[in-house]
Amino acid sequence: MKKFAIPVLLALVTFSLTAARPFGDTTGKDIFLKYKCNKCHTIESQGIQRDGKAPEGKQPPDLSGVGLKHDASWMQKWLLKEVEQNDKKHIKKFSGSDDELRTLTTWLATLKKK
């Protein structure tokens, strides 16, 4: 029995150490892609290209430098359609959880490449 238990234990430890991510360790980039923000937006500094058509007559901005203009708190309000920019609200209200919104906007606020 001991000969069997040690290899199994080693396999479990190895698996747990090499797993892609622990549960709940979702990044802002993961959330950006999960909610298909890249259907409209690019983030060239992160290698994220648009994966869809922009709304007709619109050219959503690349978000590589969004952290230079806005902080996470403002971005949360923007994505919840609580504030306006240039007399307009964000085209789509964020549909994820509060934690996902915080993670996403905290990450976006770090993007400061001109």
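Collect the residues in region 86-114 that are out of contact with any Leu (no Cβ under 8 Å at 6 or more places or on another chain) and aliphatic (A, V, I, L, M), keeping them in residue-number order. Passing the criteria: Ile91, Ala109.
Of everything in region 86-114 that's more than 15 Å from Cys37 (Cβ to Cβ) and modelled with pLDDT under 95, which residue is surrounded by the fewest Cβ atoms within 10 Å (Cβ to Cβ)? Within region 86-114, the match that is surrounded by the fewest Cβ atoms within 10 Å (Cβ to Cβ) is Asn86. Suppose the filter is at positive phi and either open to solvent by less than 40 Å² (accessible area, probe 1.4 Å) or free of Cβ contacts under 8 Å to residues at least 24 places away in the same chain (or both); does Gly28 pass it? For Gly28, the condition - at positive phi and either open to solvent by less than 40 Å² (accessible area, probe 1.4 Å) or free of Cβ contacts under 8 Å to residues at least 24 places away in the same chain (or both) - is not met. For region 94-104, does any single residue satisfy the condition of being outside any helix (DSSP H, G or I) and charged (D, E, K, R)? Looking through region 94-104, none of the residues is outside any helix (DSSP H, G or I) and charged (D, E, K, R).
The values are calculated or read from the model by the stated rules, or taken from the named source; none is laboratory data. Keep in mind it's a predicted model, so treat the numbers as computed, not measured. Positions of Cβ are backbone-derived with ideal geometry, glycine not excepted, and every protein chain shown enters the neighbour counts. These accessible areas exclude ligands, DNA and RNA; they are computed on the full protein's heavy atoms, side chains included. Shrake-Rupley method; radii C 1.70, N 1.55, O 1.52, S 1.80 Å.
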